[in-house]
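What follows draws every value from the coordinates through simple rules; no lab data is involved. Note that the structure is predicted; figures quoted are calculated from it, not measured. Backbone-built Cβ (ideal geometry, glycine too); neighbour counts: all protein chains shown.
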Amino acid sequence: MIRPFRLRLLLGLLAGLALSAQAPLLVRTGRLLDMRNGQVRMDQGLLVKEGRIAASGPWAQVAASAPKDAALLDLSGQFVLPGLIEAHTHVLLQGNRTAQDYADQILKESVSYRALRAAAAARSALMWGFTTMRDLGSEGAGYADVDLKKALEAGVMPGPRLFVAGKAFSATGTYPLQNYAWELDLPSGVRVVDGVEAIRVAVRDEVRRGVDWIKVYVDRGTRLDPDGRLRSLTNYRPEELRAFVEEAHHLGRRTSAHVKGWDGIDAALTAGFDTLEHADGFTDDLLDRAVRQGTFWCPTIYAGLWVAEGRPLGRKFAEILSAAFKKGLAKGVKVALGSDAGAFPWTENPAKELALMVERGMTPLQALQSATVVGADLLGRKDLGSLEPGACADLVALPEDPLKDITALQRLDTVMKGGVVVRRDSPARP
């Protein structure tokens with residue numbers, strides 16, 4: 001017997017196949033959110049050709065100009081916005097609240113098994129409305145993320161378009177697995193590299209293997225000083241961090257820095273990294289520098305709370321991050337949605353991050369922009385994050401207004417990626 005949800009999913013996938021076989025596609029929307037200016041436009045139309053938005057505007061105008069053989073997707077009772085962009089995930093992880101959780105995946109699960117689980121996670125993410133994800137490190141699974149990206153691009157399975165980092169980098173002795181018997185040669189969750197010249201070669205090799213981003217673990221060993229400042233140990237010398245950034249930029253790749261404490265954030269900003277991940281220890285001076293440099297920030301609030309459960313010091317770190325988030329928002333730091341999904345299990349919807357961002361001071365519109373136009377800017381992809389002509393035809397639709405209740409994003413009705421409807425819970429209208 002097929003359960004109701006699975007039946008709806010199956011029908012949605014079949015509907016997507018049927019619509020994708022008919023080109024072009026005419027979409028009628030009830031309320032359409034313009035992400036750039038925050039305006040909600042009533043009774044709008046979208047014309048989709050070859051997976052992209054060919055025209056948009058008032059329904060009557062778009063419908064009149066559409067080819068007579070265009071298929072119709074009626075979302076006139078729905079609130080429509082662009083597909084969501086998740087800028088910090090680990091699709092090859094399934095939750096690591098404890099060190100043992102992480103070690104079990106690295107040591108007891110084969111890469112092929114982890115890849116199969118990652119494929120299931122990618123499909124879940126797509127059904128939740130995430131049509132694009134930046135995945136920041138395979139955590140010991142080699143370049144399985146590169147293979148998953150290729151499989152998704154080839155249509156082997158449903159999932160978001162992926163931007164991947166392959167093996168993230170850290171220095172000798174700074175990243176798990178650690179503290180096992182010295183005679184054991186255990187695998188690491190990262191690519192270990194030391195020294196400027198070795199770093200340059202390693203970055204070139206990562207690009208050769210198909211990565212889109214260069215991810216570096218810049219610090220570790222976070223501690224709380226008596227003055228309330230969150231401090232950390234940096235993993236690399238300044239010239240080494242500059243080598244990562246210089247070589248990546250030379251090869252046309254952007255850079256991501258895992259940072260937690262003040263020292264790591266300072267080092268990453270000095271080196272010129274494009275995005276900062278976590279950055280719990282942001283202070284006023286560092287936030288001002290991030291604004292001046294145009295650095296993006298993925299705060300990963302939900303993952304921080306998830307991992308901190310039952311840990312008093314972890315809860316304190318979460319409070320520090322919340323305070324930094326409010327300050328960064330007031331100063332105008334470019335905040336992109338990044339939940340660190342994978343640090344928490346893929347049974348959890350990453351859209352929960354949006355609700356936490358709103359609780360900490362964002363307006364619902366700002367939160368939605370962080371998951372669309374800001375995420376697209378972070379990726380350097382002007383054709384994502386909007387429903388303007390020329391953009392990829394990625395959209396989500398829901399019966400509620402997310403500008404009034406951001407948690408409505410966790411109750412989607414329709415998801416389209418590249419002009420193909422992959423989820424449709426409501427029955428199609430005649």
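For the reader, a short list of remarks on this structure follows.
- Packing, taken as the mean count of other beta carbons within 10 Å per residue, orders the peptides 154-161, 36-43, 394-401 from highest to lowest as 394-401, 154-161, 36-43.
- Rg/Rg_ref, segment 181-336, where Rg_ref = 2.2 N^0.38 Å and atoms are Cα: 1.07
- In the chain, the DSSP beta bridges split such that about 45 percent are antiparallel, to the nearest 5.
- Listed values for segment 279-291 are Karplus-derived 3J(HN,Hα) couplings in whole Hz (6.51 cos²θ - 1.76 cosθ + 1.60, θ = phi - 60°), namely 6, 4, x, 4, 10, 4, 5, 6, 5, 4, 5, 4, 5, and x replaces Gly and Pro.
- Inter-probe distance in nm under a simple model that places probes 7 Å from Cα toward Cβ, at L233 and E50: 5.5
- For the peptides 133-142, 24-33, the ranking by mean Cβ contacts within 10 Å, running from highest to lowest, is 133-142, 24-33.
- Placing +1 on each Lys and Arg Cβ and -1 on each Asp and Glu Cβ, with no other charges, gives the chain a dipole about its Cα centre of roughly 920 debye.
- Against the main long axis of the alpha-carbon atoms of the chain, helix 312-331 sits at an angle near 60°.
- Taking Cα atoms only, the orientation of helix 144-153 departs from the longest principal axis of the chain by about 10 degrees.
- Pairs exceeding a 31 Å alpha-carbon distance, out of K149/K331; K68/K352; K334/K417; K150/K327: K149/K331; K68/K352; K150/K327.
- Stretch gain in nm, segment R41-L177, where the contour uses 0.36 nm per residue and the Cα spacing is subtracted: 43.8 nm
- Shape class for segment 29-135, computed from the alpha carbon gyration tensor (a ≥ b ≥ c): prolate, with a/c not under 1.5 and a/b above b/c.
- Amide H contacts under 5 Å for G137: A165, G166, restricted to partners 5 or more places along the chain or on a different chain, H placed in the peptide plane at 1.01 Å from N.
- Considering only Q178, L378, F325, and ranking their Cα positions along the charge dipole of the chain that arises from unit charges at the beta-carbon of Lys, Arg, Asp and Glu, the one farthest toward the positive end is L378.
- The chain: relative contact order in percent, alpha carbon pairs under 8 Å with at least 6 residues between: 20
- Derived scalar couplings between HN and Hα for segment 384-393 equal 10, x, 8, 10, 7, x, x, 6, 4, 7 Hz in order, rounded to whole Hz, by the Karplus curve 6.51 cos²θ - 1.76 cosθ + 1.60 (θ = phi - 60°), x for Gly and Pro.
- Protection proxy ranking for 67-79, 213-225, using the average of other Cβ atoms within 10 Å per residue and placing the highest first: 213-225, 67-79.
- Charged-residue dipole, Cβ positions (Lys, Arg, Asp, Glu), segment 165-379 about Cα centre, Debye nearest 20: 300
- Principal-axis analysis of the Cα atoms of the chain puts helix 111-127 at an angle of about 40° to the longest axis.
- Euclidean distance of C-alpha centroids, segment 149-164 and segment 199-252, integer Å: 27
- Overall form of segment 181-270 per C-alpha gyration tensor (a/c, 1.5; a/b vs b/c): oblate
- For segment 242-259, Karplus couplings with θ = phi - 60° (6.51, -1.76, 1.60), whole Hz, Gly/Pro x: 4, 5, 4, 5, 4, 5, 4, 5, 4, 9, x, 10, 8, 10, 10, 10, 6, 9
- Model label points for A151 and R381, set 7 angstrom from Cα along the Cα-to-Cβ axis, are 1.9 nm apart.
- Computed helical MRE - 222 nm, the chain, DSSP H runs ≥ 4 contributing -39500 (n - 2.57), nearest 500: -11000 deg cm²/dmol
- Separation of alpha-carbon centers, segment 354-430 and segment 63-119, rounded to whole Å: 13
- Placing dummy labels 7 Å off each Cα toward the beta-carbon, the span from S76 to K404 is 2.1 nm.
- Read-out Cα extents along the principal axes in Å, derived from the coordinates shown; its label in (i) 68, 45, 44; (ii) 76, 56, 37; (iii) 70, 56, 47: (i)
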